[in-house]
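First comes the structure, then the notes that go with it.
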Amino acid sequence: MSKRQRNDEDEEETFTADDSYVPYVPVRERRAEKYRKLATTLRKPLDRENGNSSASDSEPDEPKAGPRSNVALIDQAAELRKQEKPKTELQKELELEKEILTAQTTKKALFSAQELAQDVHYTEPLKTSWTPPKHIRELSEGQLNDVRKKFHIIVEGDDVPPPIKTFREMRLPPPILSHLKAKGIAKPTPIQVQGLPAVLSGRDMIGIAFTGSGKTLVFTLPLILRALEAEVKLPLLPNEGPVGLILCPSRELARQTYDVAQGMADALLAGGYPHIRVLLCMGGISMAEQADTLRRGPHVVVATPGRLQDMLDKGKLNLATCKYLCMDEADRMIDMGFEDDVRNIMGYYKGQRQTLLFSATMPKKIQNFARSALVKPVVVNVGRAGAANLDVIQEVEYVKQEAKIVYLLECLQKTSPPVLVFAENKNDVDDIHEYLLLKGVDCVAIHGGKDQAEREYAVKAFKDGKADVLVATDVASKGLDFAMIQHVINYDMPKEIEDYVHRIGRTGRSGRTGVATTFINRNSAEEILLDLKYLLKEAKQRVPPVLEALEDPNEKFRGGEGEFVEGLDVDCTFCGGLGHRITNCPKLEAQRRQTMSSHRSMHAGSGAGEY
Ligand code: AMP
């Protein structure tokens with residue numbers, strides 16, 4: 001006999017001999033009994049009087065969770081899952097989009113490493129001494145909204161400062177008023193009506209305004225006044241300053257902003273006010289020319305991120321007393337990979353600052369990123385973010401690749417000069433430039449491959465009217481202010497719709513009408529053509545049959561299937577394009593490719609170093 005058998009027999013003997021023997025009760029019944037007792041204690045008898053206490057037939061009235069639950073959690077979860085309505089395809093796709101967007105917006109470039117480490121959060125905007133005049137402070141919210149409506153201004157935020165319709169009521173010093181008047185700036189544009197009071201009040205702001213709307217003044221003028229106030233109170237000593245910093249993504253844009261700031265500083269000086277020193281800090285120029293400003297301490301610094309960081313690292317500038325930061329074309333700055341530079345620059349700030357972000361296009365990704373770092377921000381939006389300037393007549397033409405250069409010549413006849421021609425790559429710019437010169441057109445060209453002196457010469461010749469046509473890559477589309485451009489020709493469709501908006505924004509400025517002609521053909525990607533189609537529709541422009549015929553795989557997101565989803569975005573939440581979703585955003589894809597290739601080259605680099 002095996003050991004086990006012997007044991008069983010022994011046990012049997014023991015059980016029969018024991019008077020207190022309790023017959024075996026299955027686990028399920030024991031559990032049911034336990035809950036019956038528990039329910040009685042809690043004065044909630046369970047409906048199990050028939051004694052048939054299987055888990056399944058008693059479930060409907062039984063507690064489903066907590067100490068009274070008699071159903072295993074795993075079963076409860078399964079039950080809940082059964083009760084849940086299955087998600088529609090649309091809901092699933094929207095959830096996926098949300099995840100992608102969240103993954104893209106977790107970066108925190110607007111905080112310094114120290115602030116992140118110490119988890120510093122500012123809760124109240126900085127105070128300034130500026131207030132709106134009494135008669136404006138007394139207007140009701142309804143009256144203020146009427147003004148906003150009249151100027152097509154959309155605002156978001158708490159306690160938004162009032163819009164003000166005249167520069168005089170903004171309490172600007174007389175020399176500034178005369179300076180603006182002399183430049184033909186007599187009445188504020190919509191972004192200025194709402195933006196200037198917000199910035200003068202010290203509020204953080206996200207300004208969304210198309211190029212040519214007058215946004216430069218919104219961030220430059222209050223800083224000049226802030227600098228003036230500081231200088232009057234406590235003059236800057238050598239190695240002190242600046243009071244504020246304006247960051248621009250390109251040298252051209254930095255120079256232009258510097259000119260605006262310097263113009264106002266000169267006007268104040270001529271009007272008997274203290275000297276406000278403005279420093280232009282960017283690559284390609286010699287800082288020796290500005291050594292005096294640097295030595296005496298600049299009040300205002302206009303900079304591109306790279307050169308500024310270099311100056312800060314070398315201790316030639318410091319931001320210890322800087323309380324103002326503006327990022328012009330903020331979305332481009334982030335896209336162009338300046339994010340790390342910006343974060344490093346933030347590390348030089350020593351406390352709270354007023355932060356302003358400006359751009360013509362501001363997709364949700366940037367808004368999310370910005371909101372996390374701004375204090376009670378005011379969002380001022382004049383015209384839908386990313387929508388093309390409505391003063392531009394947009395024409396789109398199908399032109400075969402080989403016929404483009406000849407057709408360009410014909411296209412130049414559409415309007416009088418000046419005309420801007422954009423092409424995606426440098427070689428095309430050089431080819432067009434050469435061709436037009438051969439055909440006797442007064443023409444200059446700029447692209448990233450030319451040195452700074454060549455670029456500045458071309459921009460100046462074009463601005464001074466010595467050249468009728470400027471051929472450029474997108475370098476020139478980034479916020480450059482050329483007056484009176486009659487016609488923008490897109491020799492090719494840019495790869496991202498934002499670039500299209502920036503390009504055509506070079507014309508139709510300051511309320512004048514302009515024309516934009518765009519060549520498309522088989523080489524243009526379908527996603528971007530769909531973006532263009534919906535942009536044209538939104539701007540109430542003619543949509544050519546070739547675009548009209550494009551099938552839209554995202555029709556369902558436009559409410560076509562009648563499914564209502566709250567807060568559904570009609571555009572791509574990453575780049576703002578209207579013809580695709582974040583799941584197939586060409587811009588996001590390009591960024592991913594770039595990141596991957598830089599990782600790859602990093603690995604390749606380290607590998608090469610090892611052998
Ligand atoms: P921005 O959008 O800042 O690049 O400005 C575009 C152009 O509009 C510049 O040439 C400014 O001089 C001009 N400008 C700015 N504000 C006004 C205004 N209130 N009235 C007329 N022109 C303006």
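The values are calculated or read from the model by the stated rules, or taken from the named source; none is laboratory data. Quantities reported herein were computed from a predicted structural model and do not represent experimental measurements. Because the Cβ atoms are built from the backbone with ideal geometry, glycine has one as well, and the counts that use them run over all protein chains shown.
Tabulated data
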{"item": "Among the candidates Glu434, Glu424, residue that is in a helix (DSSP H, G or I) and more than 16 Å from the ligand (Cβ to nearest atom)", "result": "Glu434"}
{"item": "Matching option when the condition is assigned to a loop (DSSP other than H, G, I, E, B), in contact (Cβ under 8 Å) with a residue 12 or more places away in the chain and under 23 Å from the mean Cα position of the chain (by Cα), among Pro242, Pro249", "result": "Pro249"}
{"item": "Every pair of residues 6+ apart whose Cβ atoms lie under 6 Å, when the first sits in the range 441-463 and is touching a residue at least 12 places away in the same chain (Cβ under 8 Å) and closer than 14 Å to Ile285 by Cβ while the second is surrounded by fewer than 22 Cβ atoms within 10 Å (Cβ to Cβ) and not charged (D, E, K, R)", "result": "Gln452/Gly284"}
{"item": "Residue among Leu237, Leu269, Leu225 that alone is at pLDDT below 95, away from the ligand (no atom under 13 Å from the Cβ) and not aromatic (Phe, Trp, Tyr)", "result": "Leu237"}
{"item": "Residue in the range 542-557 that is modelled with the lowest pLDDT, counting only those that are surrounded by fewer than 14 Cβ atoms within 10 Å (Cβ to Cβ) and not in a loop (DSSP other than H, G, I, E, B)", "result": "Glu555"}
{"item": "Yes/no for Ser213 being among the polar types (S, T, N, Q), within 12 Å of the ligand (Cβ to nearest atom) and in contact with a Pro (Cβ under 9 Å, 6 or more places away or on another chain)", "result": "yes"}
{"item": "Condition broken by Glu252, with the remaining ones in (1) within 14 Å of the ligand (Cβ to nearest atom); (2) charged (D, E, K, R); (3) farther than 30 Å from Lys450 by Cα satisfied", "result": "(3)"}
{"item": "Residue check for Lys187: within 13 Å of the ligand (Cβ to nearest atom) and over 27 Å from Asp499 (Cβ atoms)", "result": "yes"}
{"item": "Selection status of Pro161, closer than 23 Å to Asn381 by Cα, crowded, with 20+ Cβ neighbours inside 10 Å and in contact with a Lys or Arg (Cβ under 7 Å, 6 or more places away or on another chain)", "result": "yes"}
{"item": "Which numbered condition Gly263 misses (of (1) buried (at least 24 other Cβ atoms within 10 Å of the Cβ); (2) modelled with pLDDT of 95 or more)", "result": "(1)"}
{"item": "Flag if Leu177 is in contact with a Lys or Arg (Cβ under 7 Å, 6 or more places away or on another chain), part of a helix (DSSP H, G or I) and either within 16 Å of the ligand (Cβ to nearest atom) or closer than 15 Å to Val199 by Cβ (or both)", "result": "yes"}
{"item": "Out of Ala270, Ala227, Ala254, sole residue that is in contact with a strand residue (DSSP E or B) (Cβ under 6 Å, 6 or more places away or on another chain) and closer than 14 Å to Ile176 by Cβ", "result": "Ala227"}
{"item": "Qualifying residue in the range 423-440 (condition: among the small types (Gly, Ala, Ser) and surrounded by fewer than 16 Cβ atoms within 10 Å (Cβ to Cβ))", "result": "yes"}
{"item": "Where a residue in the range 185-196 is touching a residue at least 40 places away in the same chain (Cβ under 8 Å) and under 10 Å from Phe151 (Cα atoms) and its partner, wherever it lies, is more than 6 Å from the ligand (Cβ to nearest atom) and part of a helix (DSSP H, G or I), with Cβ under 7 Å and at least six apart", "result": "Ile191/Val218; Gln194/Arg148"}
{"item": "Residue selected from the range 149-174 under the condition in a helix (DSSP H, G or I) and out of contact with any helix residue (DSSP H, G or I) (no Cβ under 8 Å at 6 or more places or on another chain), by the criterion farthest from Ile136 (Cα to Cα)", "result": "Pro174"}
{"item": "Boolean, Thr513 is within 30 Å of Pro188 (Cα to Cα), among the polar types (S, T, N, Q) and buried (at least 24 other Cβ atoms within 10 Å of the Cβ)", "result": "no"}
{"item": "Matching residues in the range 197-210 - criterion: being away from the ligand (no atom under 14 Å from the Cβ), more than 17 Å from the chain's Cα centre (by Cα) and within 29 Å of Ile504 (Cβ to Cβ)", "result": "Ala198"}
